[in-house]
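First up is the structure itself, then whatever we jot down about it.
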Amino acid sequence: MSALRILIVDDSDVARRILATIVRSRHWDVCGEAEDGWSGVKKFHELKPDLVLLDLTLPGMTGTETATALKLELPHVKIILFTFHADGVNQSLASTFNIDRVISKSESIRTLGEHLKALLTPVNEPRRLEGVTEGQTARRDQPS
């Protein structure tokens, strides 16, 4: 099985480096980076990644416009949208643009790994979240 490939699209070089470090620390492959939506679409055509980490506010083509273009070409690709304005971008707006997750940049360092794992774990593998395997139920009346 080949390593899962992730494309990072953000106009901030610092943000791209931080995201790439987080991705690589989880043993996934950063297959490419782009600094705007148009370059992101071009890299996407070339690289065919499994997941795209996408900034909302990009020069030229916004993150939502970029997400729409990517999903038209490859509907199953997973997209995580990053924004400083996560409160203003709710999940219903995200679903309008077929975005799988919306994460605020301020929380990304703490939560990105879990979001990547949730989106990239194959359906037939059990997912573990906070010590509970999918299919199990945690009972609050029993001591842990």
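Okay, residues lined up against (1) in a helix (DSSP H, G or I); (2) at pLDDT 90 or above:
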position	(1), (2)
Glu65	yes, yes
Leu70	yes, yes
Asp87	yes, no
Leu93	yes, no
Glu107	yes, no
His115	yes, no
Val123	no, no
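Assess whether Val52 counts as being outside any helix (DSSP H, G or I) and modelled with pLDDT under 85. Spell out the reasoning first.
Details: outside any helix (DSSP H, G or I): yes; modelled with pLDDT under 85: no.
Considered against the rule, which asks whether it is outside any helix (DSSP H, G or I) and modelled with pLDDT under 85, Val52 comes out as no.
In region 1-23, which residues are of a type in the set (Gly, Ala, Ser) and free of Cβ contacts under 8 Å to residues at least 40 places away in the same chain? Break it down stepwise before answering.
Looking only at region 1-23, we keep the residues that are of a type in the set (Gly, Ala, Ser), and these are 2-3, 12, 15, 20.
Across region 1-23, the qualifying residues are Ser2, Ala3, Ala20.
Just give me the residues in region 6-29 being within 14 Å of Leu120 (Cα to Cα) and buried (at least 16 other Cβ atoms within 10 Å of the Cβ), in sequence order.
Matches in region 6-29: Ile6, Leu7, Val23, Trp28.
Looking at (1) more than 17 Å from Asn98 (Cα to Cα); (2) surrounded by 17 or more Cβ atoms within 10 Å (Cβ to Cβ), which is the one condition that is false for His45?
Going through the list (1) more than 17 Å from Asn98 (Cα to Cα); (2) surrounded by 17 or more Cβ atoms within 10 Å (Cβ to Cβ), His45 breaks only (2).
Mind checking whether some residue in region 24-36 is among the polar types (S, T, N, Q) and without any contact (Cβ under 8 Å) to a residue 12 or more places away in the chain? It would help to see each step written out before you state the result.
Taking region 24-36 first, the residues among the polar types (S, T, N, Q) are 25.
Checking which are without any contact (Cβ under 8 Å) to a residue 12 or more places away in the chain leaves us with none.
Scanning region 24-36, I find no residue that is among the polar types (S, T, N, Q) and without any contact (Cβ under 8 Å) to a residue 12 or more places away in the chain, so the answer is no.
The values are calculated or read from the model by the stated rules, or taken from the named source; none is laboratory data. Please read these numbers as outputs of a predicted model, since none were measured by experiment. Cβ coordinates were reconstructed from backbone atoms using ideal geometry, including for glycine residues, and neighbour counts include every protein chain displayed.
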